[in-house]
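J.: Before I ask anything, let me first share the structure, which is written out below as structure tokens.
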Amino acid sequence: MGSKFRVLAVVAAAAFLQAAAAHASILDWSFTAFNGLTGSGTFTADQDAVFLDTYHVTSATGTIGGEAVTLSGYDSADNQAYPTSPVVIDSLGIGFATAGGLFYNLYEDFGLVGPAYACGSPYCIEGPNASGVGAENVQSVPTLSITLRADGVPEPATWALMIGGFGGLGAVMRRRRGLAAATA
């Protein structure tokens with residue numbers, strides 16, 4: 001009776017941990033600017049619990065202009081993406097830092113005030129290191145793609161639940177084998 005209670009407690013704790021874990025999604029992204037600058041890679045993002053079409057990007061991998069990039073808060077970017085149809089990113093955009101120390105911000109042009117925001121296209125890439133001071137480093141982005149990948153990567157809590165379950169099954173089988181040998 002005691003071992004059944006322990007197994008039930010372990011299963012309940014694992015289920016609680018799984019339910020509490022945030023659901024991470026993988027978003028593939030790519031763009032081409034009018035000046036020929038290109039970028040592509042993947043975002044890991046948490047889906048908003050209330051606004052299900054909103055994804056909060058937590059990490060980024062890929063390249064811009066041939067340089068490896070990571071996620072950054074450059075130019076006040078809040079790193080939100082909406083991979084619905086049509087694709088939308090918010091006006092603060094998604095910030096990137098390159099391995100070489102350059103910074104970029106990919107954002108949606110809502111006609112905000114200032115030359116750094118007047119790219120004349122639905123989407124803009126600001127950088128390197130434009131800091132909102134001039135349009136010479138801001139380019140229109142006629143092609144932007146952000147797609148939700150169907151084959152999501154399992155969360156660490158999912159892996160822990162699976163490994164714990166297999167371990168629990170192994171322990172129960174080992175215990176039953178030991179009890180069967182003792183009674184024989």
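The values are calculated or read from the model by the stated rules, or taken from the named source; none is laboratory data. This one's a predicted model, so the numbers in the text were calculated from it and none came from an experiment. Calculation scope for accessible area: heavy atoms of the full protein, side chains included, ligands and nucleic acids excluded. Shrake-Rupley method; radii C 1.70, N 1.55, O 1.52, S 1.80 Å.
J.: Would you rank C124, C119 by solvent-accessible area, highest first, keeping every protein chain in place and using a 1.4 Å probe?
T.: On the way: C124 0, C119 20 Å².
Reading off the accessible areas and sorting them downward yields C119, C124.
J.: Can you send over the solvent-accessible area of Y104, 1.4 Å probe, protein chains only, in Å² to the nearest 10?
T.: That residue has around 20 Å² of solvent-accessible surface.
J.: A follow-up question, please. Can you list residues from other chains, or at least 5 along the same chain, whose modelled amide H is less than 5 Å from the amide H of V88?
T.: Residues meeting the criterion, in which the H sits 1.01 Å from N, are Y82.
J.: Something else: Using the Karplus curve 6.51 cos²θ - 1.76 cosθ + 1.60 with θ = phi - 60°, work out ³J(HN,Hα) for each residue of region 83-95 in order, rounded to whole Hz, and write x for Gly and Pro.
T.: x, 8, 9, x, 4, 9, 10, 7, 5, 6, x, 10, x
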